[in-house]
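The values are calculated or read from the model by the stated rules, or taken from the named source; none is laboratory data. Nothing here was measured: the structure is a model prediction, and the numbers come from that model. Here the Cβ positions follow ideal geometry from the backbone for every residue, glycine too, while neighbour counts run over all protein chains shown. Each accessible area value is taken on the protein alone, full model and side chains, heavy atoms only, with ligands, DNA and RNA left out. Shrake-Rupley method; radii C 1.70, N 1.55, O 1.52, S 1.80 Å.
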Amino acid sequence: FNAAIKKNPKMKVYEIVEYSNEAQSQVKLSIPVTRHYWKYLPSDVKLKANDILLYDGKVAIINLNDEDNFNGVVLQNSDYYNNSIQLFDLLWRLLPSPSRV
């Protein structure tokens, strides 16, 4: 992912993250602010240690629970990808924009 960001300076990242001190500090440092857009989940929503990436018709689900043993799966199914995009877009519209500091 980091290599793809560096390789493609036009790439933009849209991210919905947990509202926590750790997430707030990480999200603001990860990608140049001009290409990184994020919104926070409500503070009472706590997700398990997963990342879900939507890209190129694929849905990657990555388990980050064990720092020594990451694992995941990449699903390439156009219906599942399109449904995931629709759900992401719905959440994006419903969540308020954070203030950029």
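Residue by residue, here is whether (1) open to solvent by less than 50 Å² (accessible area, probe 1.4 Å); (2) closer than 23 Å to residue 19 by Cβ; (3) in contact with a helix residue (DSSP H, G or I) (Cβ under 7 Å, 6 or more places away or on another chain); (4) not aliphatic (A, V, I, L, M) holds:
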{"residue": "35", "(1), (2), (3), (4)": "yes, yes, no, yes"}
{"residue": "40", "(1), (2), (3), (4)": "yes, yes, no, yes"}
{"residue": "46", "(1), (2), (3), (4)": "no, yes, no, yes"}
{"residue": "50", "(1), (2), (3), (4)": "no, yes, no, yes"}
{"residue": "56", "(1), (2), (3), (4)": "no, no, no, yes"}
{"residue": "72", "(1), (2), (3), (4)": "no, no, no, yes"}
{"residue": "77", "(1), (2), (3), (4)": "no, no, no, yes"}
{"residue": "80", "(1), (2), (3), (4)": "no, no, no, yes"}
{"residue": "91", "(1), (2), (3), (4)": "no, yes, no, no"}
Could you check, for segment 1-13, whether at least one of its residues is of a type in the set (Gly, Ala, Ser) and either surrounded by fewer than 11 Cβ atoms within 10 Å (Cβ to Cβ) or modelled with pLDDT under 80 (or both)? yes
Restricting to segment 63-101, what's the tally of residues that are within 14 Å of the chain's Cα centre (by Cα) and at pLDDT below 90? 2
Which one is modelled with the lowest pLDDT among residues in segment 14-33 that are aliphatic (A, V, I, L, M) and open to solvent by 80 Å² or more (accessible area, probe 1.4 Å)? 33
